[in-house]
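Novice: First, the structure itself, so that you have it in front of you.
We did not get these values from a lab; they are worked out from the coordinates using the rules stated. Nothing here was measured: the structure is a model prediction, and the numbers come from that model. Neighbour counts run over all protein chains shown; Cβ positions are idealised from the backbone, glycine included.
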């Protein structure tokens, strides 16, 4: 897995948000995954992987942010088959 380096974010922005660079990078991964998922560019499984979450955790984030998405029946079928 590739590393994401955050070095162009102003320190005062992170300080005002009370966010460490690591937490900011995590938030960016989740936000990017939700964006691509909502645009049906990636599957739920891939989005969760990019976000660094399991699928259940990822879908909780999607619900919390009220992100609209289309259900991918192939994703659901694979999930059911896995148990």
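Novice: Report the extension gain between residue 19 and residue 74 in nm, rounded to one decimal, defined as 0.36 nm multiplied by the number of residues separating them, less their alpha carbon distance.
Specialist: On the way: separation 55, 0.36 × 55 = 19.80 nm, distance 3.68 nm.
Roughly 16.1 nm would be gained on extension.
Novice: What does the extension gain come out to for residue 26 and residue 40, with contour length at 0.36 nm per residue minus their alpha carbon separation? Write down the numbers at each step before the final one.
Specialist: Working: separation 14, 0.36 × 14 = 5.04 nm, distance 2.12 nm.
So the chain would gain 2.9 nm between residue 26 and residue 40.
Novice: Sorting check: for 25-36, 56-67, which peptide has the highest mean count of neighbouring beta carbons within 10 Å, and how do the rest follow? Don't skip to the answer; put the middle values down first.
Specialist: Numbers: 25-36: 16.3, 56-67: 13.4.
The peptides rank, most packed first, as 25-36, 56-67.
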